[in-house]
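The structure appears right after this line, and notes come after that.
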Amino acid sequence: MAELKGIFQSVSRLTRSPAEFLVRANEALTASLGKQAFISALYGVLDTQSGVFTYARAGHCPAALARADGEARLLRAQGIGLGLTGGPLFEKSLAEETVQLRPGDALALYTDGVVESRAPNGEEYGYERLLTTVVTYRAASAQGLLDGLLEDCRTFSDHKAD
């Protein structure tokens, strides 16, 4: 993780393009990761003046976007995990996309542990429930959205809060 943090800090200074960032990070990581290892990532840049969020995804869970009007969708730009392959194949796999964020919208970034959480009967939390929960808490503060999502996930999976 320390190596990854150093690579991310170095590469983020070289480019504002999320796809180019991931290409350069992949170049740095491919040589050092073992054959069976890879890293998933979603890297984005938010222009706080215009509200434009530009992102690229390397095998990570899609971001969840809930609009102020209640519309919800997953941001699923194409891309494979860091360290799986190098060179042109990795670069070709990436798509950089932009989305215009508006007042009242909520954007949630999360790990696969959320959508893969299981209820006692084995049912997965899943993307639809995630989107529903993000819509429910979209008007809350960032902390309120996090707390609401974690509580719903705990309730679903029958885990008690620590």
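Would you please name the residue that is farthest from G70 (Cα to Cα), looking only at residues in region 106-134 that are among the hydrophobic types (A, V, I, L, M, F, W, C) and open to solvent by 30 Å² or more (accessible area, probe 1.4 Å)?
Only one residue fits best here, namely L109.
Of everything in region 117-159, what is of a type outside the set (S, T, Y) and part of a loop (DSSP other than H, G, I, E, B)? Give them in sequence order.
Passing the criteria: A119, P120, N121, G122, E123, R138, A139, A140, D158, H159.
Checking D162 against (1) in a helix (DSSP H, G or I); (2) modelled with pLDDT under 95; (3) of a type outside the set (A, V, I, L, M), which test does it fail?
It is condition (1) that D162 fails.
Hey, could you check region 5-41 for residues that are in contact with a helix residue (DSSP H, G or I) (Cβ under 7 Å, 6 or more places away or on another chain), part of a helix (DSSP H, G or I) and without any contact (Cβ under 8 Å) to a residue 40 or more places away in the chain and say which is farthest from T54 (Cα to Cα)?
Applying the filter and picking the extreme gives A28.
Can you list residue pairs whose Cβ atoms sit under 9 Å apart, with the first residue in region 95-121 being in contact (Cβ under 8 Å) with a residue 40 or more places away in the chain and the second being part of a strand (DSSP E or B) and of a type in the set (K, R)? Count only pairs 6 or more apart in sequence or on different chains.
Pairs found: A95/R57; E97/R57.
The values are calculated or read from the model by the stated rules, or taken from the named source; none is laboratory data. Not measured: the values here are computed from a predicted model. All Cβ positions, even for glycine, are placed from backbone atoms using ideal geometry, and neighbour counts span all protein chains on display. These area figures cover heavy atoms from the full protein model, side chains too; ligands, DNA and RNA do not enter into them. Shrake-Rupley method; radii C 1.70, N 1.55, O 1.52, S 1.80 Å.
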